[in-house]
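The values are calculated or read from the model by the stated rules, or taken from the named source; none is laboratory data. Model, not experiment: these values are computed from the prediction. Methodologically, a virtual Cβ is constructed for each residue, glycine included, from the backbone with ideal geometry; neighbour enumeration extends over all protein chains shown. Calculation scope for accessible area: heavy atoms of the full protein, side chains included, ligands and nucleic acids excluded. Shrake-Rupley method; radii C 1.70, N 1.55, O 1.52, S 1.80 Å.
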Amino acid sequence: MKDYLTLDDFPIDKQRILVRVDVNSPMDPDGKILDDKRFRGHLPTLRDLEGARVVLLAHQSRAGKKDFTTLEAHARRFSQLLHREVTYVDDIFGSHARESIKAMKPGEVILLENTRFYAEENINRPPEDHAKSHMVRQLSPLFDLFVNDAFAVSHRSHLSVVGFTEVLPSAAGRLMEKEIDSLDMGIRGNEHPSIFVLGGTKADDSIKVIQNVFRRGGVDQVLVTGVVATVFQMAAGINVGEKNREFVEGLDYSEMVPVAKDLLDKSPDKIVLPQDVALDKDGERLEVAMEKIPPDLLIADIGLETIVDFSKRIKEAKIVVLNGTAGIFEKEKFALGTAEILKAATEAGFAIAGGGHTSAAIEELGLEPKFSHVSTGGGASISYLSGDQLPGIEALKRAATRYRK
């Protein structure tokens, strides 16, 4: 039995259901939505709620940003994808919003205004404090059920994510359920070989993930790329060149080197470092062995030998979890490592990709349909893989305990 409730645990037809979604999306200066991936992620939940009166809570950007705007365009995009009307209401919990909700008929869907237009939404507080807010007090009496389908924002203890779980029966939506199940499958590593591939620039996050999966004992190997690999190479006593050392120091990752060394000392056979790298020499790709990195050139990708080795390991994996790019994917000359690793992952038994730059690369390469799961949450997925408790998920678990009593 799951430690949270799902849509399968509640009656749906004709119920009034408040659903937190995350459709925070890139927008052009004219207010046009440039990528509807997050909208599409919520469609299974919304289709399962077709017989209910559904009210959506969402945010777009944050105060001070150019794309901090109303959700009118978001309602239009949902209408297009669902092939039925999603009504935009330019109010969050005032009389206009409440009267609109009261007048709803089964099968109707409303999207309320950007939750971050209400200042209290952005404050990290415990759920019991958020439950006392005006938003929760005004809206909660109008609903039979709260559904959190916004995994990507559930690493924040924000009002619309955790406040309603204190006062309403609460469930995980289908996307939330899929995120938890898929990421759990990666962390547990119940099938072998189980491999993690960690890259990008956030070495501190990746090291937390490695510590967590090693503690749990399910992973067989961790392949490191990007700045993560540079930190581990420094930890292994490899001369990465003055420029790369300065780059790591500039990111304030010097203190990560002894942590990485401790991991290498304890699990030398589990962490696999690149054998060669591609350097950026005046915009051109220069392949060198690890021990031949000059002092004045930056590492911009993994090298060809490493690409072949890592790809073989990944293809043979029963489970592979990827987070972070192998190089500067935005530059064509240094996109090779990332592209080949992601293509190899599509041949693994079960391939899970973290959000952020990884999912952007997958989409650009047209590989998303070939992945078992591509997470919608960058920060949320890395927090979950690190073993952190996500406030949005913990709130659902507490609500389930209360409901089952």
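Here are some notes:
- Of all DSSP beta bridges confined to region 239-381, the antiparallel ones make up roughly 60%.
- Pairs from LYS243/LYS281; LYS202/LYS370; LYS208/LYS261; LYS270/LYS318; LYS178/LYS370 whose Cα-Cα separation, in the structure shown, is over 18 Å: LYS202/LYS370
- Applying the criteria of a DSSP loop state and at most 16 other Cβ atoms within 10 Å to the GluC sites (Glu not before Pro) of region 138-229 yields GLU191.
- Region 1-110 - charge dipole about Cα centre, Lys and Arg +1 at Cβ, Asp and Glu -1, debye rounded to 20: 60
- Å² of accessible area per residue within region 162-214, as computed with a 1.4 Å probe and no ligands counted: 30
- Per-q log10 I(q)/I(0), region 1-97, q = 0.24 Å⁻¹ (Debye; single scatterer per alpha-carbon; no solvent): -1.39
- Hull volume per residue, based on the alpha-carbon atoms of region 321-391 and their convex hull, is 81 Å³.
- Along its principal axes, region 83-186 has C-alpha extents of 44, 36, 23 angstrom, given from the largest down.
- Gyration tensor verdict on region 256-319 (Cα atoms; rounded if a/c is under 1.5, prolate if a/b is larger than b/c, oblate otherwise): oblate
- Portion, in percent, of the accessible area of the chain that falls on carbon or sulfur, probe 1.4 Å: 48
- Counting only DSSP beta bridges with both residues in region 181-315, the antiparallel share comes to about 60 percent.
- Computed over region 203-277: relative contact order in percent, which uses C-alpha pairs under 8 Å that are six or more apart: 44
- In Hz, Karplus ³J(HN,Hα) per residue of region 275-281 (6.51, -1.76, 1.60; θ = phi - 60°; x = Gly, Pro): 7, 8, 9, 10, 9, 9, 10
- Span per principal axis, largest first, for the Cα atoms of region 222-369 (Å): 41, 39, 26
- Placing a label point 7 Å from the Cα of ASP36 along the Cα-to-Cβ line, the residues of region 84-111 whose backbone N sits under 12 Å from it are 84, 86.
- Percent RCO, i.e. relative contact order, over region 1-113, from Cα pairs under 8 Å lying at least 6 residues apart: 30
- Long-range Cα-Cα pairs in region 135-222 (distance over 19 Å), rounded percent: 56
- J(HN,Hα) series, region 50-60, from Karplus relation 6.51 cos²θ - 1.76 cosθ + 1.60, nearest Hz, glycine and proline x: 4, x, 9, 8, 10, 10, 9, 10, 7, 10, 9
- Reachable lysines, given that their alpha-carbon falls under 18 Å from the alpha-carbon of LYS105 and they are not under 8 places away in the same chain: LYS14
- Taken about its Cα centre, region 153-311 carries a charge dipole of roughly 540 debye when the Cβ of each Lys and Arg holds +1 and the Cβ of each Asp and Glu holds -1.
- Put simply, the convex hull of the Cα atoms in the chain casts, on average, a shadow of 20.2 nm².
- Charged-residue dipole, Cβ positions (Lys, Arg, Asp, Glu), the chain about Cα centre, Debye nearest 20: 1380
- Antiparallel bridge percentage (DSSP; both residues within the chain; nearest 5): 25
- For the chain, a Gaussian network of Cα nodes joined below 10 Å ranks ASP149, ASP282, ASP90 by mean-square fluctuation, and the top entry is ASP282.
- Under Karplus coefficients 6.51, -1.76 and 1.60, residue-wise ³J(HN,Hα) of region 80-90 in Hz, glycine/proline x: 5, 6, 8, 6, 7, 5, 10, 7, 8, 10, 7
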